[in-house]
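Worksheet for the structure shown next.
All of the numbers you see were taken from the coordinates with simple rules; none came from a lab. Predicted, not measured: the structure shown is a model, and the values here were computed from it. Methodologically, a virtual Cβ is constructed for each residue, glycine included, from the backbone with ideal geometry; neighbour enumeration extends over all protein chains shown.
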Amino acid sequence: VNRYFSNNTYFRTYVFKKFGLWNVCAFIILIMIIDGKKEAEVLREEIKKEIISIKNKTNKSPALTVILVGDFAPSQIYVKNKEKISKEVGINSNVIKYPKDVSEEEILKKIKELNNDKNVSGILVQLPLPDQISKEKVINLIDPLKDVDGFSPINVGNLASGYNAIVPCTPLGCLLLLKKVEKNLSGKHAVIIGRSNLNGKPLAQLLLKENCTVTITHSKTKNLKEECLKADILIAAVGVANLVKKDWVKSGSVIIDVGINKQGDKIVGDVNFEEVKDKVKAITPVPGGVGPMTIACLLKNTLECFKARLT
Ligand code: NAP
């Protein structure tokens with residue numbers, strides 16, 4: 001940093017003279033772009049090491065079975081990614097593919113079979129499902145101890161009760177990233193935009209468990225901007241490109257952007273990153289923030305399910 005800015009005439013002659021070299025460097029360092037890609041790599045490496053160590057002792061490895069129905073392109077890409085990254089850390093990954101007109105009965109029968117299969121540690125049914133298959137029936141049938149997505153009512157209830165639970169991957173990834181910048185979350189005011197079962201609600205439960213004061217907002221919230229301005233921690237899980245602007249965030253707050261939105265040929269978040277980044281203490285970029293942590297947390301959940309069955 002020193003060499004780069006010392007070579008820059010503007011910094012040398014004006015900014016350094018006015019504010020002092022170290023103050024400028026401190027300011028630059030204080031704005032932290034949370035590198036989800038790097039954190040996910042670290043987490044995957046830890047998971048890999050643990051799997052090797054368990055395999056050396058027991059000769060057993062975790063196994064994840066993914067059910068993929070139909071030919072929805074994004075689902076095919078996600079599943080392929082999950083399969084590749086699972087194998088890299090030593091998880092045996094098996095994808096069972098069905099045509100889009102498969103019956104509900106056949107999918108439910110397969111889930112029962114996987115629930116009873118001792119060699120399967122985790123089951124994931126890739127969403128969305130075609131109309132003839134009830135998402136609710138599928139989620140309810142997966143053995144909660146193999147529910148690597150953390151969607152089953154037992155896991156949702158356990159999380160809400162503050163008990164041990166398998167936590168949905170994206171909210172878990174958000175919490176792990178947050179803890180990298182805020183060691184102690186107790187007493188912080190967290191504002192979440194979005195109340196989905198996938199993101200907003202489990203995030204609220206996780207942050208309550210960390211003793212945050214939590215506000216959940218949604219599309220019917222009045223004065224959304226004013227609510228966001230109260231946040232020490234602002235988490236956007238909305239699906240509206242660049243919804244959160246510079247004048248919506250408190251100086252020095254931490255911003256976690258869950259959103260994935262297509263804007264032309266670019267992917268952007270729910271937070272206007274360029275506007276907001278200089279005002280806050282830390283922020284996740286999109287892409288390269290929460291996304292990579294989501295897959296790493298799926299591996300973490302698979303490992304936890306496997307370990308629970310070992311004893
Ligand atoms: P969702 O089920 O559509 O929920 C969106 C939530 O945002 C709802 O609670 C909705 O309110 C609220 N909302 C919508 N428009 C709003 C507005 N203008 N102001 C305030 N609140 C508004 O979405 P989701 O599944 O939670 O996903 C949210 C975003 O995260 C999407 O962009 C998705 O692609 C992304 N995502 C990312 C990852 C990752 O790994 N990074 C994983 C999953 C999802 P109502 O409840 O009132 O309708």
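Laid out as a table, the results:
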{"item": "Among beta bridges that DSSP assigns inside the chain, antiparallel share in %, nearest 5", "result": "10 percent"}
{"item": "For region 157-170, Karplus couplings with θ = phi - 60° (6.51, -1.76, 1.60), whole Hz, Gly/Pro x", "result": "x, 4, 5, 5, 7, x, 8, 5, 8, 7, 9, x, 4, 5"}
{"item": "Ascending count of other beta-carbon atoms within 10 Å, so fewest first, for I283, I47", "result": "I47, I283"}
{"item": "Aspartates and glutamates with Cα under 19 Å of K222, excluding same-chain neighbours fewer than 8 positions away", "result": "D247, D270"}
{"item": "Whether region 49-200 is rounded, prolate or oblate, judged on the alpha carbon gyration tensor where a/c under 1.5 counts as rounded", "result": "oblate"}
{"item": "Check: the chain dipole with +1 on Lys, Arg Cβ and -1 on Asp, Glu Cβ, in debye", "result": "940 debye"}
{"item": "Rounded if a/c under 1.5, otherwise prolate or oblate - region 246-311, Cα gyration tensor axes", "result": "oblate"}
{"item": "With Cα atoms, 0 to 90° folded angle of helix 73-89 axis to the chain main axis", "result": "90 degrees"}
{"item": "For the chain, calculated [θ]222 nm from helices alone, where every DSSP H run of n ≥ 4 adds -39500 (n - 2.57)", "result": "-13500 deg cm²/dmol"}
{"item": "Order of T284, T65, T213 under a 10 Å beta carbon neighbour criterion, fewest first", "result": "T213, T65, T284"}
{"item": "Cα-based shape type of the chain, given that a ≥ b ≥ c are square roots of the gyration tensor eigenvalues and the cut on a/c is 1.5", "result": "prolate"}
{"item": "Amide hydrogen neighbours beyond the local backbone of T213, cut-off 5 Å, H modeled", "result": "G187, K188, H189, A190"}
{"item": "Residue with peak Gaussian network fluctuation, the chain [Cα springs, cutoff 10 Å], from A160, A40, A73", "result": "A73"}
{"item": "Listed pairs K100/K137; K110/K209; K38/K84; K60/K82; K49/K80; K112/K135 exceeding 26 Å between Cα atoms", "result": "K110/K209"}
